[in-house]
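Read the structure below first, then the notes.
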Amino acid sequence: MSRLQNRTLCYDLHSHSSCSDGDLTPAELVQRAAACGVDVLALTDHDDVAGLAEAQAQARLSGLILINGVEVSVSWQNKLVHIVGLGIDAENTGLQRGLQKLRETRQWRAVEIAARLEQGGFTDVLAKVQRYACGTIISRSHFARFLVDCGAARDIKRAFKRYLSPGRPGYVNCQWAGLDEAVSWINEAGGQAVIAHPARYQFSQLGMRRLLEAFKLAGGCGLEVISSCHNPAEIRRMAELACNYDLLASQGSDFHSPDAAWAELGKLPPMPSRCSPVWQDWELSVRRLQA
Ligand code: AMP
Ligand code: MN
Ligand code: MN
Ligand code: MN
């Protein structure tokens, strides 16, 4: 029996590559995860699964387990919510079709954002922003990088605050996937649907309860209790909600870039012991693959 059989495995179930708004290619991401001591990594690019094949190939070389994932953009009650799908069949046609529609919405939105920024005096915005996007999705993060590089904002955070957040000149409201829709794409692709970084949405207590009820009803099964953007009090609150709503608990760094040290791969606090981890049903097969 391998010595791995007894030690706690390091799971990081939320990360991005340059196929969406991450800085590293899928292969570089996997290499970095392995160097950071991650045993099980999920690549969860926004609205796209194009990086999974390259990530899987590198995972075999690097000796870590790569879980096929995606982070789906959802509109729920006029707010943006992110739903992570874990263990999906990336070839599933319903999922592919749904994600394709979201990427078309992103393209439409990119044209709109560019037009609004051009009204504000910027020139040739779309062509310049497209240079930052390596994959087929254009994210507000790419616009933020453009705004920083042309000197309009001091850093990415300020670029979002000044130009790209609700109410700001470069913000365009979009209709993303419905909650039911996103969860059913994930379930039909054999995956587990998880609400990403729940403390980020700033819902009231009632709003959060309603989201969890709607999510459960739609067939969702998990809540990201641990995320790099959750503080200890938020982790405790999310652990309690996961228990109360009988949701499995997930954890992920939401890694985007080596420049963001607060969201490093695998650097996560321990899962509260009262939570049932989202990997409870696949831990045995993971260990078998690792042995
Ligand atoms: P999008 O999905 O294109 O609307 O872009 C959302 C992405 O932008 C998120 O996944 C984050 O990576 C990033 N983001 C959102 N808000 C901020 C912020 N305030 N500061 C830095 N990055 C942000
Ligand atoms: Mn992102
Ligand atoms: Mn997200
Ligand atoms: Mn993310």
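Observations, loosely collected:
- Charging the Cβ of each Asp and Glu at -1 and of each Lys and Arg at +1, and nothing else, the dipole of the chain about its Cα centre rounds to 760 debye.
- Other residues lying with their Cβ under 11 Å from the Cβ of residue 10 contribute a combined charge of 0, Lys and Arg counting +1, Asp and Glu -1.
- Overall, segment 180-291 carries a charge dipole of about 340 debye about its Cα centre when +1 sits on the Cβ of Lys and Arg and -1 on the Cβ of Asp and Glu, all other atoms neutral.
- Values of log10 I(q)/I(0), in the order q = 0.18, 0.24 Å⁻¹, for segment 193-252 under a Debye, Cα-only, solvent-free model: -0.52, -0.96
- Solvent-accessible area per residue in the chain equals 46 Å², computed with a 1.4 angstrom probe and all protein chains kept.
- Inter-centroid distance (Cα atoms) of segment 219-268 relative to segment 100-172, Å: 27 Å
- Most positive-pole-ward Cα, 190, 96, 70, against dipole of the chain from beta carbon charges: 70
- Selection from 272, 260, 286, by position along the positive dipole direction of segment 244-291 (Cβ): 286
- Along its three principal directions, the equivalent ellipsoid of segment 1-130 from the Cα gyration tensor extends over semi-axes of 33, 17, 13 Å, largest first.
- Percent of Cα-Cα distances greater than 18 Å, calculated over segment 119-229: 64 percent
- Most to least packed among 71-77, 191-197 [average Cβ atoms within 10 Å]: 191-197, 71-77
- The fraction of Cα-Cα pairs per 10 angstrom bin, counted from 0 for the chain, comes to 7, 28, 36, 22, 6, 1, 0 percent, rounded to whole percents.
- This model, with +1 at the C-beta of Lys and Arg and -1 at the C-beta of Asp and Glu, gives segment 1-128 a dipole about its Cα centre of some 240 debye.
- The portion of the accessible surface of the chain made up by carbon and sulfur, rounded to a whole percent, is 49 (1.4 Å probe; DNA, RNA and ligands excluded).
The values are calculated or read from the model by the stated rules, or taken from the named source; none is laboratory data. Small disclaimer: the values here were computed from a predicted structure and weren't measured. Note that each Cβ is placed from the backbone with ideal geometry, even for glycine, and that neighbours are counted across all protein chains shown. Heavy atoms of the whole protein, side chains included, go into the accessibility calculation; ligands, DNA and RNA do not. Shrake-Rupley method; radii C 1.70, N 1.55, O 1.52, S 1.80 Å.
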